[in-house]
Amino acid sequence: MNKVAIIMGSKSDLPVMQEAIDILKEFNIETEVDIVSAHRTPEYMMDFGKQAHKRGIDVIIAGAGGAAHLPGMVASLTPLPVIGVPVKSSNSIDGWDSILSILQMPSGVPVATVALNGAKNAGILAAQILGVKDQNLQKQLLVYMEQLKEKVQKMRQDL
C-alpha cells in the first residue's frame, strides 16, 4: 500500500494542505497527517524525518510558511522524496520568504517545490512518484489527465 505523509508547521497551514489530502484520497492513497514544527518541536521533527521510511512512508509532503525550514530540514534527515509546499502565512512577506526558503536548497539536499499554496499539485506529484512502480495508480493518473483535458474542451465550447 502506498503511503504519503503530509506534514505542516502549524494547524493554520491545514486549509492549504487539505488540497493534498483530498487529491490523494481521490487516488486512494493512504495519508498520514501531522503537525511537525521545525522551530517549535525540532526533536520531534528529527525523529519524524529519521523514522518515516521505517514506518512505511513512501513520499513526504511538507508545507510551511514564513521561514519555511520544515521541508528542507526533513529532506536532510530522510532518504524519501520530499515535496515542499510554500504557504502564504499571516507572518509571510507575500509568500516569497516561504518560496525561497523551500526552493533554494543546497546541493545534495533536494526538495521538489510546488507553487505558493500549491498543495494539490504536491499531492498529484506524490501520486506520480508512486505511480512509477504502481500500474493501477498510473492508470488512475491517466484518467485524471483525460478529465483535465475534457474540462478544458468544455470551457472552449462554452466560450
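The values are calculated or read from the model by the stated rules, or taken from the named source; none is laboratory data. Keep in mind the model is a prediction, meaning the values are calculated, not measured. Counting neighbours? That spans all protein chains shown, and the Cβs are built from the backbone with ideal geometry, glycine included.
Remarks
- Figure legend. Inter-residue proximity from region 1-28: first residues aromatic (Phe, Trp, Tyr), second residues assigned to a helix (DSSP H, G or I), beta-carbon distance below 7 Å, spacing 6+ or different chains. Indicated pairs: PHE27/ALA127; PHE27/LEU137; PHE27/GLN140.
- All conditions in (1) surrounded by fewer than 17 Cβ atoms within 10 Å (Cβ to Cβ); (2) assigned to a strand (DSSP E or B) hold for ILE7, with the sole exception of (1).
- Verdict on LEU137 being assigned to a helix (DSSP H, G or I), loosely packed, with under 13 Cβ neighbours inside 10 Å, of a type in the set (A, V, I, L, M) and at pLDDT 95 or above: no
- Matching option when the condition is within 15 Å of the chain's Cα centre (by Cα), at pLDDT 95 or above and in a loop (DSSP other than H, G, I, E, B), among ILE57, ILE61, ILE23: ILE57
- Checking LYS120 against (1) modelled with pLDDT of 95 or more; (2) surrounded by fewer than 18 Cβ atoms within 10 Å (Cβ to Cβ), the condition it does not meet: (2)
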